[in-house]
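What follows is one structure encoded as structure tokens, with my remarks underneath.
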Amino acid sequence: MTSEHPLAAFSTATISDGLDRLGRPGSLHGLAGLFPGTRLFGRAFTVRYVTAGHPAGTVGDYLDDVTPGSVVVLDNAGRTDCTVWGDILTATAHQRGVAGTVIDGVCRDVARALGTGYPIYSRGRFMRTGKDRVEVSDTGRPVTIGGVQVAPGQLLVGDEDGVVAVPADVEERLAAICAEIHEREAAILADVLAGDTIAAARARHGYHALQRAGS
């Protein structure tokens with residue numbers, strides 16, 4: 001899907017600007033990739049965690065249901081005191097062709113991801129297990145990640161700036177907007193490198209209004 005989808009050509013910064021123009025949320029605040037050069041593109045397989053009950057439930061065997069090319073999206077309510085993703089899941093997901101993992105929370109055993117290049121976006125890394133601390137509440141339902149609701153099947157795009165979630169109903173319009181934004185920013189850069197001032201080039205191509213509705 002990555003090479004065929006028109007949004008695959010654009011950075012998360014451009015996509016975020018396009019979402020601003022549409023007045024739609026999508027930038028997942030506070031999440032970052034584990035290593036430089038991280039890229040992610042795929043549709044969400046959603047999992048929600050809650051505080052473990054008594055007796056504690058499982059942290060989940062959901063990965064058996066994730067199809068290749070999907071992005072595992074884990075809602076752990078932003079908790080950073082225990083992990084919901086580690087070595088076994090990274091190795092299995094990488095071997096099965098999962099596109100990456102996005103966590104509103106933390107991960108551990110990051111050496112495996114660093115060694116394989118498996119994309120993980122999270123709020124950080126911490127070694128303490130989530131077992132007996134959190135449990136899977138449900139899968140395949142809308143979750144909240146970085147303040148943004150993410151639905152099953154929703155497109156996720158990640159790069160070194162973070163992750164954006166693209167609402168399904170605006171994918172086609174957003175691609176056209178991103179192409180326009182990209183072209184205008186490229187024109188600004190070309191003018192500046194050719195000797196124009198930044199102020200003049202930005203004014204000529206409407207830089208300060210690129211993200212505004214109606215621009």
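What follows draws every value from the coordinates through simple rules; no lab data is involved. Bear in mind that the values here come from a model prediction, so they are computed numbers and not experimental data. Note: ideal-geometry Cβ built from the backbone for every residue, glycine included; neighbour counts use all protein chains shown.
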The range 89-210: spread of alpha-carbon positions along the three principal axes, whole Å, largest first, is 60, 33, 26
With the label point 7 Å along the Cα-to-beta-carbon line of Leu193 and a cut-off under 17 Å to each amide N, the hits in the range 156-186 are 182-186
Relative to the chain, whose Cα atoms define the longest principal axis, helix 87-96 and its Cα axis are tilted in degrees, nearest 10, by 60
Between the residues His208, Leu156, Thr139, the Cα farthest towards the positive end of the dipole of the chain, that dipole coming from +1 and -1 charges on the beta-carbon of Lys, Arg, Asp and Glu, is from Thr139
Along the dipole axis of the chain (charges at Cβ: +1 for Lys and Arg, -1 for Asp and Glu; origin at the Cα centre), the most positive-end residue among Gly86, Val166, Ser16 is Gly86
In whole Hz, the Karplus estimates of ³J(HN,Hα) for the range 122-135 (6.51, -1.76, 1.60; θ = phi - 60°; x where Gly or Pro) are 7, 8, x, 10, 7, 7, 6, 5, x, 4, 6, 10, 10, 8
Checked against the positive end of the charge dipole of the chain (+1 on Cβ of Lys and Arg, -1 on Cβ of Asp and Glu, about the Cα centre), the farthest of Ile198, Leu34, Thr51 is Thr51
Amide H contacts under 5 Å for Val134, restricted to residues at least 5 apart in sequence or on another chain and with H modeled in the peptide plane, are Ala52
Here the relative contact order (percent) of the chain, from C-alpha pairs under 8 Å and at least 6 apart, is 31
Cβ-Cβ cut-off under 14 Å around Leu40, Lys and Arg +1, Asp and Glu -1: the net charge is -1
Subtracting the Cα-Cα distance of Asp138 and Glu4 from 0.36 nm times their residue separation yields 45.1 nm
Once phi for every residue in the range 100-109 is put through the Karplus expression 6.51 cos²θ - 1.76 cosθ + 1.60 (θ = phi - 60°), the whole-Hz ³J(HN,Hα) values, with Gly and Pro written as x, are x, 9, 10, 10, 8, x, 10, 10, 9, 6
Of all DSSP beta bridges having both residues in the chain, the percent classed as antiparallel (nearest 5) is 55
Rg/Rh over Cα atoms for the range 25-166, Kirkwood Rh, comes to 0.92
Treating only Lys and Arg (+1) and Asp and Glu (-1) as charged, each at its beta carbon, one finds that the chain has a dipole about its Cα centre, in Debye to the nearest 20, of 400
Calculated from DSSP helices alone, with each H run of at least 4 adding -39500 (n - 2.57) and the total divided by the residues of the chain, [θ]222 nm to the nearest 500 comes to -8500 deg cm²/dmol
For the range 45-52, Karplus-derived ³J(HN,Hα) couplings (6.51, -1.76, 1.60; θ = phi - 60°; whole Hz; x for glycine and proline) come out as 10, 9, 9, 10, 10, 9, 4, 5
Scaled by the rule-of-thumb 2.2 N^0.38 Å, the alpha carbon Rg for the range 5-98 gives a ratio of 1.27
For the range 146-215, the Kirkwood Rh over every pair of distinct alpha carbons, in Å, works out to 14.2
Label model pair Ala13, Glu160: point-to-point distance (7 angstrom along the Cα→beta-carbon line) in nm is 1.0
Listed by chain and number, the residues whose amide H is under 5 Å from that of Val102, excluding neighbours fewer than 5 places away on the same chain and using placed H, are Val72, Val73, Leu74, Tyr121
